[in-house]
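A.B. asks: Can you keep this structure in mind? I'll have questions shortly.
The values are calculated or read from the model by the stated rules, or taken from the named source; none is laboratory data. Everything numeric in this text was worked out from a predicted model, so none of it was measured. Cβ placement follows ideal geometry from the backbone for every residue including glycine, while neighbour counts extend to all protein chains displayed.
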Amino acid sequence: MRRNLPLLLIRVIVGVVFLNEGILKFLRPEELGAGRFARIGLPFPHLLAPFVGGVEIVGGAAMILGLYAGEAAILLLAVITTALVTTKLPILLGRGVGPFHAAKMSHYGVLQFVHEARTDLSMLFGCVAVLLDRGTQLGRKRKWYQR
């Protein structure tokens, strides 16, 4: 148990954050769900936001419970990578990226990017840690770095 405690803590906090964000997409759709997806420029926001919210709820719960945590990590990596590209990459570059525009801020660049993306980056690395530790139960045998 003690050997697994660090990864258990990572799984729990990653799961709690995603579970919470998924629930908020349904409770506050204009602010954090379809309305936000539309403002960002994502296609079909009224379909995409509930889908992403559902993935976050199921993936977050799976992380917390340790059920198919590796598979959940893959899904949540897709969610957080999309969030970084659509909302944080424009801050890093100081300009829009394709249909995704930079938020109005007083500063842009690396420091502002890291500041704005701190939770996203934590979730990204947390998901990678869980994936490396757990692997996937639906796929092949564990890799050498998972033993």
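A.B. asks: For residues that are buried (at least 19 other Cβ atoms within 10 Å of the Cβ) and basic (Lys, Arg), scanning just the range 4-36, find the one that is farthest from Thr86 (Cα to Cα).
C.D. replies: Within the range 4-36, the match that is farthest from Thr86 (Cα to Cα) is Arg11.
A.B. asks: Being hydroxyl-bearing (Ser, Thr, Tyr), assigned to a helix (DSSP H, G or I) and in contact with an Asp or Glu (Cβ under 9 Å, 6 or more places away or on another chain), is that true of even one residue in the range 84-97?
C.D. replies: For the range 84-97, residues hydroxyl-bearing (Ser, Thr, Tyr), assigned to a helix (DSSP H, G or I) and in contact with an Asp or Glu (Cβ under 9 Å, 6 or more places away or on another chain): present.
A.B. asks: Looking only at the range 30-53, which residues are assigned to a helix (DSSP H, G or I), touching a Phe, Trp or Tyr at 6+ places or on another chain (Cβ under 9 Å) and of a type outside the set (A, V, I, L, M, F, W, C)?
C.D. replies: Pro45, His46, Pro50, Gly53
A.B. asks: What are the residues in the range 106-121 that are touching a helix residue (DSSP H, G or I) at 6+ places or on another chain (Cβ under 8 Å) and either of a type in the set (Gly, Ala, Ser) or surrounded by 12 or more Cβ atoms within 10 Å (Cβ to Cβ) (or both), if any?
C.D. replies: Tyr108, Gly109, Gln112, Phe113, Val114, Glu116, Ala117, Thr119, Asp120, Leu121
A.B. asks: Here's something else I'd like to know. Of all residues being hydrophobic (A, V, I, L, M, F, W, C), outside any helix (DSSP H, G or I) and at pLDDT below 95 in the range 103-133, which is nearest to Leu77 (Cα to Cα)? Just the residue, please.
C.D. replies: Ala103
A.B. asks: List the residue pairs whose Cβ atoms are under 7 Å apart, where the first residue sits in the range 37-54 and is under 12 Å from Thr86 (Cα atoms) and buried (at least 16 other Cβ atoms within 10 Å of the Cβ), the second is at pLDDT below 95 and hydrophobic (A, V, I, L, M, F, W, C), and the two are 6 or more positions apart or on different chains.
C.D. replies: What qualifies is Ile40/Phe100.
A.B. asks: Okay, next question. Among the residues of the range 9-23 satisfying the criterion of being of a type in the set (A, V, I, L, M) and in contact (Cβ under 8 Å) with a residue 24 or more places away in the chain, which is farthest from Arg95 (Cα to Cα)?
C.D. replies: Here the residue is Val12.
A.B. asks: Of the numbered conditions (1) over 15 Å from Thr136 (Cα atoms); (2) crowded, with 18+ Cβ neighbours inside 10 Å; (3) over 13 Å from the mean Cα position of the chain (by Cα); (4) not small (Gly, Ala, Ser), Ile57 satisfies every one except a single condition; which is it?
C.D. replies: (3)
A.B. asks: I've got another one for you. Is the range 102-113 home to any residue that is of a type in the set (A, V, I, L, M, F, W, C) and touching a residue at least 60 places away in the same chain (Cβ under 8 Å)? Explain how you work it out, then say what you get.
C.D. replies: Within the range 102-113, the first condition is being of a type in the set (A, V, I, L, M, F, W, C), and the residues that meet it are 102-103, 105, 110-111, 113.
Cutting the leftovers down to touching a residue at least 60 places away in the same chain (Cβ under 8 Å) gives us none.
No, there is no match, as no residue in the range 102-113 is of a type in the set (A, V, I, L, M, F, W, C) and touching a residue at least 60 places away in the same chain (Cβ under 8 Å).
A.B. asks: Tell me which residues, restricted to the range 79-128, are among the β-branched types (Val, Ile, Thr), farther than 18 Å from Glu56 by Cα and in contact with a Gly (Cβ under 9 Å, 6 or more places away or on another chain). Please lay out each step first, then the result.
C.D. replies: Keep residues of the range 79-128 that are among the β-branched types (Val, Ile, Thr), which gives 79-82, 85-87, 91, 97, 110, 114, 119, 128.
Adding the requirement that they be farther than 18 Å from Glu56 by Cα leaves 91, 97, 110, 114.
Within the range 79-128, just Ile91 meets the criteria.
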